[in-house]
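As structure tokens, the structure follows; a few thoughts come after it.
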Amino acid sequence: MKKQNVLKVLALCILVLGFGLRAMAQGKDPIEGLWYNAEKTAKINIFKATDGKYWGEIVWLKEPMLNGKPKTDVNNSNAAKKTRPLLKLQILRHFEKTGAKTYDNGEIYDPKNGKTYDCKITHNGNTLSVRGYVGISMIGRTTTWERAQ
């Protein structure tokens with residue numbers, strides 16, 4: 001009887017350990033996933049890239065077409081990039097987790113004006129405070145993104 005009890009305990013430990021390892025492997029950073037921009041005209045998927053930094057790309061547009069064609073990056077100052085589609089466009093790049101809720105040292109591209117800004121992001125539950133700025137953070141603008149389902 002003692003061997004059976006030991007085997008049951010051992011099997012239970014292996015099962016618990018297996019679930020724990022799987023949960024750790026599947027564990028994502030709270031910033032990862034789908035987010036609506038402030039106007040809710042786009043969904044951005046934020047993910048951890050192979051470089052260990054956080055990136056984000058547009059994966060949904062409320063109005064993806066213009067004159068029967070997919071919207072493109074028409075406001076980009078680089079003429080060669082004006083024809084690239086907005087869908088799958090990476091607008092967040094190089095973010096590093098710098099605190100429990102903060103991500104910094106990244107940049108955000110605004111397809112509305114074709115400009116790239118330094119950026120920092122603060123995670124607040126189901127919202128992100130996204131602050132784009134030039135030079136120093138005091139000179140900038142913050143928008144709030146909401147978690148998308």
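Of the conditions (1) open to solvent by 70 Å² or more (accessible area, probe 1.4 Å); (2) within 30 Å of GLY99 (Cα to Cα); (3) not in a loop (DSSP other than H, G, I, E, B), ILE46 fails just one. Which one is it?
Here ILE46 meets the rest and fails (1).
Counting only residues that are outside any loop (DSSP other than H, G, I, E, B), of a type outside the set (S, T, N, Q) and over 16 Å from LYS88 (Cα atoms), which one in region 101-115 is most open to solvent (accessible area, probe 1.4 Å)?
Step one: list which residues in region 101-115 are outside any loop (DSSP other than H, G, I, E, B), which gives 102-110, 115.
Applying the additional criterion that residues be of a type outside the set (S, T, N, Q) yields 103-104, 106-110, 115.
When the remaining residues are screened for being over 16 Å from LYS88 (Cα atoms), the result is 103-104, 106-107, 115.
On the way: TYR103: 2, ASP104: 42, GLY106: 8, GLU107: 53, LYS115: 112 Å².
Restricting to residues being outside any loop (DSSP other than H, G, I, E, B), of a type outside the set (S, T, N, Q) and over 16 Å from LYS88 (Cα atoms), the top hit is LYS115.
May I ask you to list the residues in region 52-73 that are touching a residue at least 24 places away in the same chain (Cβ under 8 Å) and over 14 Å from the mean Cα position of the chain (by Cα)?
LEU61, ASP73
Output the qualifying pairs, or none if there are none: Cβ atoms under 6 angstrom, residues six or more apart or on different chains, first residue in region 94-108 and at pLDDT 95 or above, second residue open to solvent by 30 Å² or more (accessible area, probe 1.4 Å) and of a type in the set (Ser, Thr, Tyr).
LYS101/THR122; THR102/THR122; ASP104/THR98; GLU107/THR116; ILE108/TYR117
If LEU89 meets every condition in (1) within 27 Å of ASP29 (Cβ to Cβ); (2) of a type in the set (A, V, I, L, M, F, W, C); (3) free of Cβ contacts under 8 Å to residues at least 12 places away in the same chain apart from one, which number is that one?
So LEU89 meets the others, but not (3).
Consider only pairs whose beta carbons are under 9 Å apart and that are at least six residues apart or on different chains; among these, list those whose first residue lies in region 26-42 and is within 16 Å of ARG93 (Cα to Cα) and whose second residue is assigned to a loop (DSSP other than H, G, I, E, B).
Close Cβ pairs (under 9 Å, with a partner that is assigned to a loop (DSSP other than H, G, I, E, B)) amount to ILE31/LYS101; GLY33/ALA148; LEU34/ALA148; LEU34/GLN149; TRP35/ALA148.
With the condition kept exactly as written, say whether any residue in region 83-90 is exposed (fewer than 11 other Cβ atoms within 10 Å of the Cβ) and either in contact with a Leu (Cβ under 7 Å, 6 or more places away or on another chain) or on the phi > 0 side of the Ramachandran plot (or both). Steps first, answer last, please.
So the first thing to find is which residues in region 83-90 are exposed (fewer than 11 other Cβ atoms within 10 Å of the Cβ), and the list is 83, 88.
This time we only want the ones that are either in contact with a Leu (Cβ under 7 Å, 6 or more places away or on another chain) or on the phi > 0 side of the Ramachandran plot (or both), so: 88.
Yes - at least one qualifying residue is present in region 83-90.
Could you figure out which of (1) modelled with pLDDT of 95 or more; (2) open to solvent by less than 40 Å² (accessible area, probe 1.4 Å); (3) not acidic (Asp, Glu) isn't true of GLY20?
(1)
The values are calculated or read from the model by the stated rules, or taken from the named source; none is laboratory data. Quick caveat: nothing in here was measured; it's all calculated off a predicted structure. In this analysis, Cβ positions are derived from the backbone assuming ideal geometry, glycine residues included, and neighbour counts consider all displayed protein chains. When the accessible area is computed, the model is the full protein with side chains, heavy atoms only, and any ligands, DNA or RNA have been set aside. Shrake-Rupley method; radii C 1.70, N 1.55, O 1.52, S 1.80 Å.
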